[in-house]
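Here is the structure we will look at.
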Amino acid sequence: MQVGAAYVEALSPATRARHGRHYTPPELAYHLWSMARMSLGFSPGRQVLPGLVRDPACGAGALLLPALREHLRASYGVDPALTLAGLQNLIEGVDTDPAAVWVANVVLAAEMLPTLARIPESRRRSLPALARVGDGLSIPEQPARVVVMNPPYGRVRLAPDERERYAHVLYGHANLYGLFMAGAVESLDSEGVLAALVPTSFTSGRYFSKLREYLGREAAMSAITFVEDRSGVFSSVLQETCLATFERRKRRKARINSLGSTMTTIATVKVQKTGDPWVLPRRSDDAPVTAAASAMQESLASLGWRASTGPLVWNRRSDDLHAAWGPSRSHVIWAADLDGGILHRDPARDSMRYLALTRPSDSKVMVLDEPAVLVQRTTAPEQSRRLIAAHLSRDALSARHGRVTVENHVNVLRPTGLDPVLTPEAMTRLLATKTMDQVIRSISGSVALSAYELESIPLPNRDVVRSWNDLEGDALEAAVSAAYRPEGSK
């Protein structure tokens, strides 16, 4: 596998970024194959492959190597010439990069050499090429029993016919890895398994809502392993990643693990099949909370709250940012102004404290002049909480000349009606509870929290939520904790 790593490292950063190329470490390749084996119902001992194992974005062949190795060792008692001759029906790699395909064939051929050595020289034939140049998104002729993949990531612009083909899994822009996941499921046989190393964003992002529905309907997720300490896992990819398996056969439960220095079992949860964000615990002590949250029918959105992302992207308006106030300027609220859950003024941002409203649309787009709940959209990995909210009250607005501009590292929560189930003050207190932080960590394991994910926070029925309006401190913590307790538990 070092050959594959060397090849990827030799590519320029621009090439790696443009094509989404990244090398799969051997540890993750073997963990992914181990998960696929479990989904296939393999026994602990080595077993021959029951059907075709395909990688539609094989790169240097790292994900195919464990399957090939297991099959060759399990076939030791079979005529080695027959074993090698049958491999092209059992292992297939596809990639658009001819150099990567060449490396993959060298890596896989090296694994076949001990088997070839057992064949008398007079009967030896050329080793089969198990990887080929091609489009991994094209519809294959032969269905696969297993698809293993670490597909390329990144947004992609689709031609009209391509968008029509993937319409059932697209919401808004397309990401390559989502297309590969959908295509892989389509290519499975009736007992097939998809084992994929992908970003965790598919479990919660708005743009993957239709993909989640499709997966739940056609090949529900049977296991997921969250990869900890992601920096250093890949040479050029810094996204939160997971290993996940999906099965054609009907499943009721999904296993959740965490992989760091060791493998940790987190929980077994009910399979989630909706397009809503999937609530999946990242820690074992979050499991009871997420079990209750998964069964809830209400959300922030259904109970009358709308979330949006602050409109100010500061580096696009740097010339309009000033240190002093003026009648045509608006006070800017930065994410650092919310640290600690209290709205304040971070001195480090005072040189860019006011936005000059120079564009005709600024008064509508850039200005917030009504009370709201402000929530940090991004938090640092070392912060103890992912959910940090502060109340922008009437008094706070008045102290800021009656209007503010919110930068885009802050989400803005506003009621959609005159009588929301929770008042803004109560909403701010609710978001500060330990239980709500556990829920949001189980929706988004990332340090980024989208407005969509915020709106999707599961809540109990409106009467229970309304009863929280008059609670504070320990009383509110206890009431919220009790609501997010699985039915029947104490």
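Cα centroids of segment 242-302 and segment 36-73: 26 Å apart.
How would segment 243-379 be classified by its alpha-carbon gyration tensor: rounded, prolate or oblate, with rounded meaning a/c under 1.5 and the a/b versus b/c comparison settling the rest? Walk me through the numbers on the way to the answer.
Values: a/c = 2.96, a/b = 2.35, b/c = 1.26.
It comes out prolate by the Cα gyration axes.
Straight-line cross-link reach from residue 210 at under 16 Å between alpha-carbon atoms covers these lysines, not counting any fewer than eight positions away in the same chain: 273. In percent, rounded to a whole number, the relative contact order of segment 154-292 is 23, using alpha-carbon pairs under 8 Å and six or more apart. Here segment 335-490 is assigned +1 on the Cβ of each Lys and Arg and -1 on the Cβ of each Asp and Glu. Its dipole about the Cα centre then comes out at about 260 debye.
Exposure proxy ranking for 314, 325, 334, based on other Cβ atoms within 10 angstrom of each Cβ and starting from the fewest, stands as 325, 314, 334.
So, with +1 on the Cβ of K and R and -1 on the Cβ of D and E, and no other charges, what is the size of the charge dipole of the chain about its Cα centre, to the nearest 20 debye?
Values: 57 positive and 51 negative charges, 140 e Å.
The dipole of the chain has a size of about 680 debye.
Other residues within the sphere of radius under 14 Å centred on the Cβ of residue 76, judged by their own Cβ, net out at +1 (K and R +1, D and E -1).
Please compute the net charge surrounding residue 456, taking Lys and Arg as +1 and Asp and Glu as -1 over other residues with Cβ under 13 Å from its Cβ.
Working: positive: 206, 212, 306; negative: 276, 298, 453, 455.
Taking every other residue near residue 456 into account, the sum is -1.
Using the Cα atoms as the points, what is the convex hull volume per residue of segment 390-472 in Å³? Numbers along the way, then the final one.
Numbers: hull volume 10.0 nm³, N = 83.
It comes to 121 Å³ per residue, whole-number rounded.
Direction-averaged projected area, Cα convex hull, segment 143-188: 3.3 nm², rounded to one decimal. For the chain, what is the relative contact order in percent, using Cα pairs closer than 8 Å and at least 6 residues apart in sequence? In percent, rounded to a whole number, it is 12.
Rounded, prolate or oblate: which fits segment 2-278, taking a ≥ b ≥ c as square roots of the Cα gyration tensor eigenvalues, rounded meaning a/c under 1.5, else prolate when a/b beats b/c? Spell out each step's value before the answer.
Values: a/c = 1.60, a/b = 1.39, b/c = 1.15.
Since a/c reaches 1.5 and a/b is larger than b/c, the shape of segment 2-278 is classed as prolate.
Within the shell defined by Cβ-Cβ distances under 12 Å, the residues around residue 466 carry a net charge of -3, with Lys and Arg each +1 and Asp and Glu each -1. Of the DSSP H helices in the chain, those that are both long (alpha-carbon extent of 18 Å or more along the helix axis) and hydrophobic (Kyte-Doolittle mean at least 1.0) are 98-117. Only DSSP H runs of four or more residues enter the estimate; each adds -39500 (n - 2.57), and after division by the residues of the chain the mean residue ellipticity at 222 nm equals -8500 deg cm²/dmol. Using the alpha carbons alone, the radius of gyration of the chain stands to its Kirkwood radius in an Rg to Rh ratio of 1.04.
By average Cβ neighbour count within 10 Å, what is the ranking of 176-187, 242-253, 344-355, 443-454 from highest down? Before the final figure, lay out the partial values.
Details: 176-187: 22.9, 242-253: 18.7, 344-355: 15.1, 443-454: 20.5.
Packing proxy ranking, top to bottom: 176-187, 443-454, 242-253, 344-355.
Taken together, the values in this text are just the output of simple stated rules run on the coordinates, not laboratory data. Computed from a prediction, not measured in an experiment: that's the story for all the values here. Reconstructed Cβ throughout: ideal geometry from the backbone, glycine too, with neighbour counts over all protein chains shown.
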